[in-house]
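To start, the structure under review is shown below, and the notes come after it.
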Amino acid sequence: GDTERYRLIAWCIMPNHVHVIAEQIEGHRLGDIVQGWKSTAAHLINPILQRRGRLWRREYFDRFMRDDDHLQASIYYVEQNPVKAKLSDDAAQWRWSSAWRRQTAGEDAGGPSVTAL
């Protein structure tokens, strides 16, 4: 399963893009993980949109987390994306994010506890 390939840390689904912070598990290629996400999402989304064909661009953008401060800042950036885009007044109210998931399911829902930056 996917839990053998990566650990999901934070995410935010926006109207026209997605942010994901994940830790790949040794022995698994990031490109294969991302391709799996894109393939699964396309198979679910295309029928809803009554369309066929490619849903995603081929490329993706990755960043190496240098230290815990960089990781925490990146989580904050990802989860604040809907607030910055004026889609929500509060990151925890954006249902398509790890911030909302933690808020509704508690800290035991998975993912780190993000401190205010």
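Summary table below
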item	result
Members of the range 83-103 found to be free of Cβ contacts under 8 Å to residues at least 40 places away in the same chain and either within 22 Å of L30 (Cβ to Cβ) or not in a helix (DSSP H, G or I) (or both), listed by number	K86, S88, D89, D90, R95
Inter-residue pairs, beta-carbon under 9 Å, first touching a residue at least 60 places away in the same chain (Cβ under 8 Å) and in the range 60-82, second of a type in the set (S, T, Y) and surrounded by 12 or more Cβ atoms within 10 Å (Cβ to Cβ), 6+ apart	I75/S98; V78/S97; V78/S98; E79/S97; E79/S98; N81/S97; P82/S88; P82/S97
Sole exception among (1) in contact with a strand residue (DSSP E or B) (Cβ under 7 Å, 6 or more places away or on another chain); (2) crowded, with 18+ Cβ neighbours inside 10 Å for Q24, by number	(2)
Any hit, the range 10-18, residues being of a type in the set (V, I, T), at pLDDT 90 or above and touching a Phe, Trp or Tyr at 6+ places or on another chain (Cβ under 9 Å)	yes
Selection status of R63, of a type in the set (K, R), touching a strand residue (DSSP E or B) at 6+ places or on another chain (Cβ under 9 Å) and crowded, with 16+ Cβ neighbours inside 10 Å	no
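The values are calculated or read from the model by the stated rules, or taken from the named source; none is laboratory data. Note that the structure is predicted; figures quoted are calculated from it, not measured. We place every Cβ from the backbone using ideal geometry, glycine too, and count neighbours over all the protein chains shown.
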